[in-house]
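Here is the structure we will look at.
The numbers here are math on the coordinates, done by the rules we state, and not lab data. Since the structure is predicted, the reported quantities are computational estimates derived from the model, not experimental observations. Cβ: placed from backbone, ideal geometry, glycine included. Neighbour counts: every protein chain shown.
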């Protein structure tokens with residue numbers, strides 16, 4: 001099956017700093033990628049849809065100026081958490097569809113803001 | 001947009017019993033309904049999926065049923081084993097859209 005990688009797998013940063021998370025489709029091209037956030041003991045919540053060559057589409061309640069998404073190529077999307085605060089600590093997972101049905105998930109990034 | 005409801009939130013069964021988890025969705029345009037198992041701190045793992053042109057699909061001890069008219073789908077696990085204990089998520093998506101997840105079910109299988 002298709003492979004999606006994510007980097008870093010975990011990161012600890014200080015409050016007020018920015019963190020960039022990369023999501024790559026390794027063996028297929030993805031014009032669209034999705035970013036999810038998962039708090040402990042909760043479900044995966046869709047944050048935004050990343051579109052290659054155009055602006056991302058954000059879900060209601062997600063601050064686009066805080067969570068910057070750049071889909072620079074057909075295999076790479078990045079999520080930058082700007083001015084991170086402890087409440088941004090979460091598990092961030094990207095995914096990419098391959099075809100009309102299945103979505104392939106990255107391994108996730110555990111962000112801890114101190 | 002799509003909304004997926006999942007029940008129950010927790011489910012405890014004895015080893016060998018069957019477990020059923022149910023989900024409903026709101027968007028009639030959704031055409032893909034996967035089920036995932038997730039371990040703590042890891043990505044969701046696809047265990048079975050069903051497309052809208054199929055009513056039922058089975059893979060060994062796991063089966064999924066879909067009722068498009070009622071907009072609900074269910075996961076059935078037979079002969080449960082302790083290693084089936086995990087968090088399970090249902091999800092739904094339409095063409096070109098993202099998967100939307102239910103809130104999850106924590107399944108505990110006791111021996």
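Before anything else, pin down the relative contact order of chain A: Cα pairs under 8 Å, at least 6 apart, normalised by residue count, whole percent. Walk me through the numbers on the way to the answer.
Numbers: 287 pairs, mean separation 41.9, N = 114.
Once normalised by length, the contact order is 37 percent.
Just checking the listed ones, A:76, A:68, A:26: in the Gaussian network model of chain A with Cα springs under 10 Å, the one fluctuating most is A:26.
Out of A:103, A:42, A:29, any idea which swings most in a Gaussian network model of chain A, alpha carbons joined below 10 Å? Its mean-square fluctuation being the largest, the pick is A:42. Note on B:43-49: average number of Cβ atoms from other chains within 10 Å of each residue's Cβ is 4. Taking the DSSP beta bridges with both ends in the protein assembly as shown, the antiparallel portion is around 90 percent. Using a cutoff of 8 angstrom between alpha carbon atoms and counting only pairs six or more residues apart, the relative contact order for the range B:31-94 works out to 38 percent. Placing a label point 7 Å from the Cα of residue B:9 along the Cα-to-Cβ direction, the residues of the range A:38-69 whose backbone N falls under 17 Å of that point are A:39-45. Here the Debye sum runs over all C-alpha atoms of the range B:1-61 as equal scatterers in vacuum, and log10 of I(q)/I(0) at q = 0.13, 0.18, 0.27, 0.28 Å⁻¹ comes out as -0.46, -0.88, -1.40, -1.40. Taking 7 Å steps out from each Cα toward its Cβ at residue A:112 and residue A:3 produces label points 2.9 nm apart.
Note on chain B: with a GNM built from Cα contacts shorter than 10 Å, the maximum mean-square fluctuation among B:45, B:60, B:14 falls on B:60.
Dividing the mean sequence gap of close Cα pairs (under 8 Å, 6+ apart) by how many residues chain B holds gives a relative contact order of 37 percent.
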